[in-house]
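Notes for the one structure printed next.
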Amino acid sequence: MTTPTNWPNPERPGVPMFPEQSGTHILKYRKQCPAIWWDANFQCWFCDGVDKQPATPETVARRYSYAMICLLPGQITQLLAGERKRCAKVCEDEYEKSGRDFEYLGCLSCSETIRNLGDAP
């Protein structure tokens, strides 16, 4: 059997995106796409249905393929805030590399605007 490579990290089949956070993920099994719970504390899956026993990443990787993570609004906001912080840092770093004073206001203005975008996507 070949190793499934459709997981977020192909070197760790059966392990979801953001494995350090518990949450719901959509996996594919034939023509079905069930929502399955990942428990970060135990590093295992809990599948709905008759079998309420935890499933190891290896077991899940043999049966399912990964589709996507289900993010809550607060998690999306957190991801967007992190991305904006990285973008603002790029503006500031580019200014530092340029060494030109006239670019300072433009880079500073861009980084402040990015940081103040708020929660809207």
Search result, residues across the range 34-60 that are surrounded by 14 or more Cβ atoms within 10 Å (Cβ to Cβ) and touching a residue at least 12 places away in the same chain (Cβ under 8 Å): PRO34, ILE36, TRP37, TRP38, GLN43, CYS44, TRP45, CYS47, PRO54, PRO57, THR59, VAL60
Residue that is over 21 Å from the mean Cα position of the chain (by Cα) and at pLDDT 90 or above, where the choices are THR113, THR59: THR59
Scan of the range 1-34 for residues that are within 20 Å of LEU72 (Cβ to Cβ) and at pLDDT below 90, ordered by number: CYS33, PRO34
Matching residues, the range 79-110, being among the aliphatic types (A, V, I, L, M) and modelled with pLDDT under 80: VAL90, LEU105, LEU108
Qualifying positions in the range 15-41 - under 19 Å from ARG62 (Cα atoms), in contact with a Pro (Cβ under 7 Å, 6 or more places away or on another chain) and not in a strand (DSSP E or B): VAL15, PRO16, MET17
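The values are calculated or read from the model by the stated rules, or taken from the named source; none is laboratory data. For clarity, every value in this text was computed on a predicted model and none was experimentally measured. Because the Cβ atoms are built from the backbone with ideal geometry, glycine has one as well, and the counts that use them run over all protein chains shown.
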